[in-house]
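One structure is given here, and the rest of the page talks about it.
The values are calculated or read from the model by the stated rules, or taken from the named source; none is laboratory data. Owing to the predicted nature of the structure, the values given are computational and were not obtained by experimental measurement. Glycine gets a Cβ as well: all are built from the backbone with ideal geometry, and neighbour counts include every protein chain shown. Ligands, DNA and RNA are excluded from the accessible area calculation, which covers all protein heavy atoms including side chains. Shrake-Rupley method; radii C 1.70, N 1.55, O 1.52, S 1.80 Å.
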Amino acid sequence: MFCTNCGANIAVKSANYCSNCGKKLEEQLHPSSYKKKKILVYITPFLSLLLVTSGLILTHTFESKVNATVLKFQEKAEKAALAGEYEKALSFLESGLSFRNTYDVMIKEKEIVESIIDLNQDLSDVEQKIMNEHFEDAQKDLNLIKRQVSTTSSPLFVKLSYEIDQVETSVKVGTMKEEINKLSTIDELADKLSTLYSMEVQEASEIKQQIYMKMVSISASEAEKNLEQKHFNKAINSVEDALQYVVNNEKLLSLKDRIIEEKTAFEAAEQERINKAIQVAKKEEQMNSTQAVELVDVKANVDKYGDAYIKGSVKNKGTESVHSIVIEFRVLNDKGSVLEEGKTNIFPNKLQPGQAGNFEHVSYSTKEKVKVEVTNISWLLEEKKG
């Protein structure tokens, strides 16, 4: 007989207790039942160990997966934050904490991201003040944000710190731009350029661009005004004043080409006008010299004493005043014989353009009906002054 507890061989069949382990002995078992029980004695500890080990392995596997998931969310959150996508970063952190809400590092990063979101909103308010040209207030708020950021060394603030620097540059540029807007000449803007050497490269570069743009605007505006008044040289000078600072500016170079072309066209047209005026003047002068005075009419009446009274008129159809007009004539009888040749003057002595004048003459002792032929009219043009 064997002890079912320790398996020891019991020599005394009537014994009630095991001499080896002290356990109470059960009734004598059937050999097959005893063998099964003996197997269970050895298998039970193994099964227990297997179950415990499996549980530990499953628990470790599950925890490892949870840790991997949490770390993945943390990695995504950090990448998003470094890229300036703070709301997305916060969402990743909250998802990670839903798996491991006691993860101190992630809890701290969530607090940092929430702080960055608040500061980023403050920075947006500063940008709005810059837009409204409230530069002094914007700088005060920006200084406060910078003090808050300076208290942490977290790399998650890298993107925000860069944006703060950019906004501060905008404040400085905006302040300078406000001063630039009050300047109205190229010389004043050129003086402002000399103040940029003490500034940071980026700030100076942006302000230079603002000054150059203002120079181009002033130059173009002045040139256009001079161009309208046909002051071509002044217009070109206005452009060149700015080009010595804004070298090779396409707008100004194009404007200068246009001014030169319009100047050339204007001078050509002006010369053509002058030439035409000269030709017209020559024609007028010739007409005034040869065709200005026109005979209007001439009549001859013989009175009862046989004397012929001759009367006539002329008109100045020219464009200038004429004077000292002399009428040359012949008196003929019915047979065409010349009874008299003579000259007479016009009165008044000076005739303005469009004005008429008269002449008179008496041919004595003609004794018959006569006719008068005007053979020539001569005059002098009034001398031009200046």
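Descriptive notes on the structure:
- Residue in the stretch 243-255 that is closer than 28 Å to residue 373 by Cα, without any contact (Cβ under 8 Å) to a residue 60 or more places away in the chain, open to solvent by 90 Å² or more (accessible area, probe 1.4 Å) and not charged (D, E, K, R) present: no
- Pair list, Cβ < 8 Å and 6+ apart or interchain, from the stretch 140-154 residues that are open to solvent by 80 Å² or more (accessible area, probe 1.4 Å) to residues that are of a type in the set (A, V, I, L, M): 148/119
- Residue 107 vs. criteria surrounded by fewer than 17 Cβ atoms within 10 Å (Cβ to Cβ), among the hydrophobic types (A, V, I, L, M, F, W, C), without any contact (Cβ under 8 Å) to a residue 60 or more places away in the chain and part of a helix (DSSP H, G or I): yes
- The helices (runs of 4 or more DSSP H) found wholly in the stretch 157-238 and carrying at least 3 residues that are in contact (Cβ under 8 Å) with a residue 12 or more places away in the chain, open to solvent by 70 Å² or more (accessible area, probe 1.4 Å) and not hydrophobic (A, V, I, L, M, F, W, C) occupy 158-181, 201-228.
- Just so you know, in the stretch 286-319 the residues that are in a loop (DSSP other than H, G, I, E, B) and closer than 20 Å to residue 347 by Cβ include one that is modelled with the highest pLDDT, and it is 317.
- Filter pass, residue 262 being closer than 28 Å to residue 233 by Cβ and open to solvent by less than 90 Å² (accessible area, probe 1.4 Å): yes
- When residues of the stretch 357-386 are limited to those that are of a type in the set (Gly, Ala, Ser) and open to solvent by 60 Å² or more (accessible area, probe 1.4 Å), the one farthest from the chain's Cα centre (by Cα): 365
- Residues of the stretch 92-104 that turn out to be in a helix (DSSP H, G or I) and either open to solvent by 60 Å² or more (accessible area, probe 1.4 Å) or of a type in the set (Val, Ile, Thr) (or both), as a count: 4
- Filtered residues of the stretch 125-136 (kept if surrounded by 12 or more Cβ atoms within 10 Å (Cβ to Cβ) and free of Cβ contacts under 8 Å to residues at least 24 places away in the same chain): 125, 129, 134
- Any hit, the stretch 368-375, residues being in a strand (DSSP E or B), of a type outside the set (A, V, I, L, M) and touching a His at 6+ places or on another chain (Cβ under 7 Å): no
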